[in-house]
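The structure under discussion appears below in the form of structure tokens.
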Amino acid sequence: MQKNRTFLQKVILFLKGLAMGAANKVPGVSGGTVSFVFGFYEELIYSFRKVNYTAFKLLFNGRFKSFFNYINGSFLLLIMGGSVFSYFSVSLVLDYFLVNYELYVWSWFFGMIIGSIYYISKDFGEWNFKNTLSLLIGATVGIAISFLTPAVENDNLWFVFICGIIGVSGMTLPGLSGSFILILMGNYVLLLVDSVNELLYISTNVLSGNFSVLSDPVKIRYLKIISVFTTGSIFGLVSISHVLGYVLKRWNQIVNAVIIGFITGSLGIVWPWKKTAYLKENGQFLIDNKGNKIVENYERFIPDFSITETWNAIFYIAFGLALILVIDYYGRKKR
């Protein structure tokens with residue numbers, strides 16, 4: 001599926017990778033949904049599936065160009081490069097808005113997910129009993145996940161590797177938020193905040209000639225954690241993609257129905273009107289080894305329609321929905 005793309009198409013693909021990377025970092029939002037809506041989901045799964053025995057054989061035999069073409073390397077480089085770059089750029093901007101304008105950011109995502117449900121389901125086809133049941137199963141699992149209680153942070157490297165496998169699921173399974181799964185596993189802050197920030201700090205110091213950071217045991221610990229997490233993520237991407245490619249080929253409509261269900265169920269996670277609930281014991285907040293309060297889950301509530309803030313949030317929901325509809329409109333015009 002190696003495609004000859006123009007420079008503009010490559011730039012657009014990189015920007016799509018940026019969007020997917022940003023979505024992967026936001027708890028409740030799935031990067032897989034972005035790839036589905038932007039129309040490169042199947043190529044993404046296909047490309048990851050090409051990382052197999054044949055690919056490694058080409059690599060070890062020194063046939064680097066053949067290896068690159070075989071795995072659809074140009075596509076993967078642009079998408080994954082955009083995603084990684086996003087963690088140090090777009091994601092930081094999103095972090096700022098989540099801290100200062102949390103309600104409006106969640107409202108925007110809520111609207112986009114509603115639009116995504118329409119976008120994916122409009123060309124679905126026949127909703128027979130099997131497909132409807134698959135939709136309900138996906139939605140039920142998605143809703144159930146949103147009510148699970150997070151675990152406590154665990155920096156054991158084997159557990160970090162497993163977090164990489166499971167956390168990356170948001171990139172390959174639309175509607176399933178890898179970041180939210182990491183919150184449930186207790187390692188969101190460790191893996192997607194602290195370790196990423198430390199990696200950026202170490203990288204900038206090394207590039208400026210300050211190698212003393214590499215003798216700091218705390219910095220080395222974070223390097224080990226981010227390396228193991230990345231290895232687990234790569235392993236998860238390839239293995240899950242092989243499974244998904246197989247089931248999509250055999251049960252395409254059923255899998256798509258489950259995906260639509262997942263995305264619908266994820267609306268419970270991104271419901272804009274919520275506040276963070278923290279674990280308590282004997283009336284006291286429980287804290288982790290860094291002194292941070294441990295997240296239990298989110299307390300969702302019905303908005304007060306008598307205040308301006310609620311109507312502003314509804315505006316952002318409509319804006320997010322309109323954004324997806326515009327993408328759909330221009331996508332149909334190009335066909």
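Per-residue answers, yes or no, for (1) of a type in the set (K, R); (2) assigned to a helix (DSSP H, G or I); (3) closer than 28 Å to G261 by Cα:
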residue	(1), (2), (3)
L148	no, no, yes
G164	no, yes, yes
S179	no, yes, yes
L199	no, yes, no
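Within region 44-65, count every residue that is of a type in the set (D, E, K, R) and farther than 18 Å from V168 by Cβ. Selection size over region 44-65: 3.
For region 72-89, the criterion of being at pLDDT 90 or above, surrounded by fewer than 18 Cβ atoms within 10 Å (Cβ to Cβ), hydrophobic (A, V, I, L, M, F, W, C) and over 25 Å from T276 (Cα atoms) is satisfied by at least one residue.
When L190 is tested against the conditions (1) under 26 Å from F40 (Cβ atoms); (2) surrounded by 22 or more Cβ atoms within 10 Å (Cβ to Cβ), the lone failure is (1).
Of all the numbered requirements in (1) surrounded by fewer than 21 Cβ atoms within 10 Å (Cβ to Cβ); (2) at pLDDT below 85; (3) under 17 Å from G170 (Cα atoms), T231 misses one, and that requirement is (2).
Taking the criterion of being free of Cβ contacts under 8 Å to residues at least 60 places away in the same chain and buried (at least 18 other Cβ atoms within 10 Å of the Cβ), the only residue of region 159-181 that qualifies is I181.
Filtering D194, D216 for residues that are of a type in the set (D, E) and over 23 Å from G21 (Cα atoms) leaves a single hit, D216.
State whether the residues of region 18-33 include one that is surrounded by 14 or more Cβ atoms within 10 Å (Cβ to Cβ) and over 14 Å from the mean Cα position of the chain (by Cα). No, that holds for no residue.
Taken together, the criteria exclude N4 from residues that are modelled with pLDDT of 80 or more, polar (S, T, N, Q) and out of contact with any strand residue (DSSP E or B) (no Cβ under 8 Å at 6 or more places or on another chain). When W311 is tested against (1) closer than 30 Å to I181 by Cβ; (2) more than 25 Å from the chain's Cα centre (by Cα); (3) modelled with pLDDT of 90 or more, only condition (1) is not met. Tell me which residues, restricted to region 69-90, are over 21 Å from T231 (Cβ atoms) and part of a helix (DSSP H, G or I). Result: N69, Y70, S74, F75, L78, V90. Under the condition of being hydrophobic (A, V, I, L, M, F, W, C) and assigned to a loop (DSSP other than H, G, I, E, B), which residue from region 112-146 is nearest to I260 (Cα to Cα)? This residue is F124.
Here L148 meets the list (1) over 15 Å from the mean Cα position of the chain (by Cα); (2) surrounded by 15 or more Cβ atoms within 10 Å (Cβ to Cβ); (3) at pLDDT below 80 almost entirely, failing just condition (2).
If I filter region 140-164 down to residues being of a type in the set (A, V, I, L, M, F, W, C) and out of contact with any Leu (no Cβ under 9 Å at 6 or more places or on another chain), which single residue comes out as nearest to N252 (Cα to Cα)? Working first, answer last.
Initially, region 140-164 is screened for residues of a type in the set (A, V, I, L, M, F, W, C), giving 141, 143-145, 147-148, 151-152, 157-163.
Now restrict to residues that are out of contact with any Leu (no Cβ under 9 Å at 6 or more places or on another chain): 144, 147, 157-159, 161-162.
Numbers: A144: 24, F147: 29, L157: 36, W158: 34, F159: 32, F161: 30, I162: 28 Å.
For region 140-164, the residue satisfying everything is A144.
For N100, the conditions (1) modelled with pLDDT of 90 or more; (2) surrounded by fewer than 18 Cβ atoms within 10 Å (Cβ to Cβ); (3) polar (S, T, N, Q) are fulfilled apart from (1).
The values are calculated or read from the model by the stated rules, or taken from the named source; none is laboratory data. Just so we're clear, the structure is a prediction, and the values are computed from it rather than from any experiment. All Cβ positions, even for glycine, are placed from backbone atoms using ideal geometry, and neighbour counts span all protein chains on display.
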